[in-house]
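K.L.:
I am attaching a structure below and will ask some questions about it afterwards.
The values are calculated or read from the model by the stated rules, or taken from the named source; none is laboratory data. Every value quoted in this text rests on a predicted model; they were computed, and no experiment measured them. Every residue, glycine among them, receives a Cβ derived from its backbone with ideal geometry; neighbour counts consider all protein chains shown. Just the protein is used for accessible areas: all its heavy atoms, side chains included, with ligands, DNA and RNA removed. Shrake-Rupley method; radii C 1.70, N 1.55, O 1.52, S 1.80 Å.
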Amino acid sequence: HLNHVLAENTLEDQFMTMIYGTLTLTSGAFQFSVAGHLLPYWWQAATEDLATVPDIGGLPLGADALASYDSATVELAPGDHLIFFTDGLTD
């Protein structure tokens with residue numbers, strides 16, 4: 001719904017990136033959708049590995065009123081961390 005509202009009410013070439021997710025504390029399941037934003041890093045404590053969560057695509061919000069957004073789930077283990085950042089960090 002937010003994508004449609006932004007597409008209909010912003011100037012041309014304006015958009016917003018976003019990640020939306022929910023974390024289930026009892027299981028460690030992090031379900032998320034991506035709208036053009038940089039993927040968070042995932043520190044996996046058991047293997048001491050740093051990677052990104054799976055890239056499931058998704059246009060920035062407001063870029064296309066008809067865009068749809070998939071979701072994915074990663075299972076976080078005790079000691080794992082998700083590291084979110086803005087594109088200002090990479091610019």
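K.L.:
Ignoring ligands, DNA and RNA, please state the percent of accessible area on the chain from carbon and sulfur, probe 1.4 Å.
P.N.:
Details: 3450 of 6180 Å².
C and S atoms contribute 56 percent here.
K.L.:
Also, I was wondering about something else. With the cut-off at 19 Å, report for the chain the share of all Cα pairs above it, as a whole percent. Each step should come with its number before you reach the end.
P.N.:
Details: 1885 of 4095 pairs.
Tail of P(r) above 19 Å: 46 percent of Cα pairs.
K.L.:
Then there's this: Using the Cα centre of the chain as origin and beta-carbon charges of +1 (Lys, Arg) and -1 (Asp, Glu), tell me which of 29, 67, 46 is placed farthest towards the positive end of the dipole.
P.N.:
So the residue furthest toward the plus end is 29.
K.L.:
Here is a further query. Determine the per residue accessible area of the chain with all protein chains present and a 1.4 angstrom probe, expressed in square angstrom.
P.N.:
68 Å²
K.L.:
Non-local amide H neighbours of residue 80 (under 5 Å, H modeled in plane, Pro and chain starts lacking H): which ones?
P.N.:
45
K.L.:
Another one. Quick one: what are the phi-derived ³J(HN,Hα) couplings along the stretch 24-34, Karplus 6.51/-1.76/1.60 with θ = phi - 60°, whole Hz, x for glycine and proline?
P.N.:
With the stated coefficients, the stretch 24-34 comes to 8, 5, 5, 10, x, 6, 10, 9, 8, 10, 10 Hz.
K.L.:
Assuming 1.306 mPa s and 10 °C, estimate D for the stretch 1-40 with Stokes-Einstein, Rh taken as the Kirkwood radius over Cα pairs, in µm²/s. Walk me through the numbers before you get to the answer.
P.N.:
Working: Rh = 12.0 Å.
Translational diffusion coefficient: 132 µm²/s.
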